[in-house]
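S.K.: Sharing a structure below in structure tokens format, with a few things to ask.
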Amino acid sequence: SHILSLRSLAMVANMLEALPDCLRRLSSLTYLAASKNQITAIPHWLWELHQLEELVLGHNRIQHVAAPSDAHTTIRVLDLRCNPLEWTSESEGRSEMDACLSLLPMLQDLRLAEVDLPAVPTSTFSINTLSELNLSCNP
């Protein structure tokens, strides 16, 4: 099917509560925008879309971000602004989000405005490719 070769997908403002599982079949996807929905989590399979470069999930209800299973992700832009992200520590002393960020080796633009961020995630200091960081409106 031609839809499987889709490179760009926008699903903005559709009242989605989760990213549809069928998206995992879109292996050519480079851009995914699902802002202004009611999504509560980023599923682990999303990181397995190895062509995905830009992920825009701002203005949702995302609390949990499953970390990539490997460091082969191609995400360059990650927009999670205006989400109630959980920043509680895991057993090893790092937050779930911090663990996720440390596995995004190509990240250039990170948008974490209005996410109740208690401190700058320590993993951002080790992302050599990061050139833009938005931490606006956090306590």
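The values are calculated or read from the model by the stated rules, or taken from the named source; none is laboratory data. Being a predicted model, the structure only gives us computed values, none of them experimental. Cβ atoms come from the backbone with ideal geometry, glycine included; neighbour counts cover every protein chain shown. Remember, those area values only see protein heavy atoms, side chains included, never the ligands or the DNA or RNA. Shrake-Rupley method; radii C 1.70, N 1.55, O 1.52, S 1.80 Å.
S.K.: I'd like to check one number: the per residue accessible area of the stretch 55-139, probe 1.4 Å, reported in Å² as a whole number.
M.R.: 49
S.K.: Residue by residue through the stretch 17-29, which ³J(HN,Hα) values in whole Hz follow from phi under the Karplus form 6.51 cos²θ - 1.76 cosθ + 1.60 (θ = phi - 60°), with glycine and proline marked x?
M.R.: Each residue of the stretch 17-29 in turn: 9, 7, 6, x, 4, 5, 5, 5, 8, 8, 5, 9, 4 Hz.
S.K.: Ordering Asp70, Asp21 by accessible area with a probe of 1.4 Å, largest first, what comes out?
M.R.: Correct descending sequence by accessible area is Asp21, Asp70.
S.K.: Follow-up question, since we're still on this one. Which sequence of Trp47, Trp87 reflects their accessible areas, 1.4 Å probe, from the largest down?
M.R.: Sorted descending by solvent-accessible area, the residues read Trp87, Trp47.
S.K.: Taking square-rooted eigenvalues a ≥ b ≥ c of the alpha carbon gyration tensor, is the stretch 40-132 rounded, prolate or oblate, where a/c under 1.5 means rounded and, failing that, a/b exceeding b/c means prolate?
M.R.: rounded
S.K.: Suppose every Lys and Arg Cβ carries +1 and every Asp and Glu Cβ carries -1, with no other charges. What dipole size does the chain come out with about its Cα centre, to the nearest 20 debye?
M.R.: 400
S.K.: Oh, and also: At a probe size of 1.4 Å, how large is the accessible area of Cys22, to the nearest 10 Å²?
M.R.: 90
S.K.: What list of ³J(HN,Hα) values in whole Hz, one per residue of the stretch 121-132 in order, does the Karplus curve 6.51 cos²θ - 1.76 cosθ + 1.60 (θ = phi - 60°) give from phi, with Gly and Pro shown as x?
M.R.: Karplus-based 3J(HN,Hα) across the stretch 121-132 equals x, 4, 5, 5, 6, 9, 8, 5, 8, 5, 10, 10 Hz.
S.K.: Another question, then. Output the relative contact order of the chain, whole-number percent, from Cα pairs under 8 angstrom with separation of 6+ residues.
M.R.: Over the chain, the number comes to 17 percent.
S.K.: Right, here's the next one. Given a 1.4 Å probe and heavy atoms of the protein chains only, how would you sort His59, His2, His72, His44, largest accessible area at the top?
M.R.: Correct descending sequence by accessible area is His2, His72, His44, His59.
S.K.: Accessible area of Ser126, 1.4 Å probe, to the nearest 10 Å²?
M.R.: Surface accessible to solvent at Ser126 totals approximately 80 Å².
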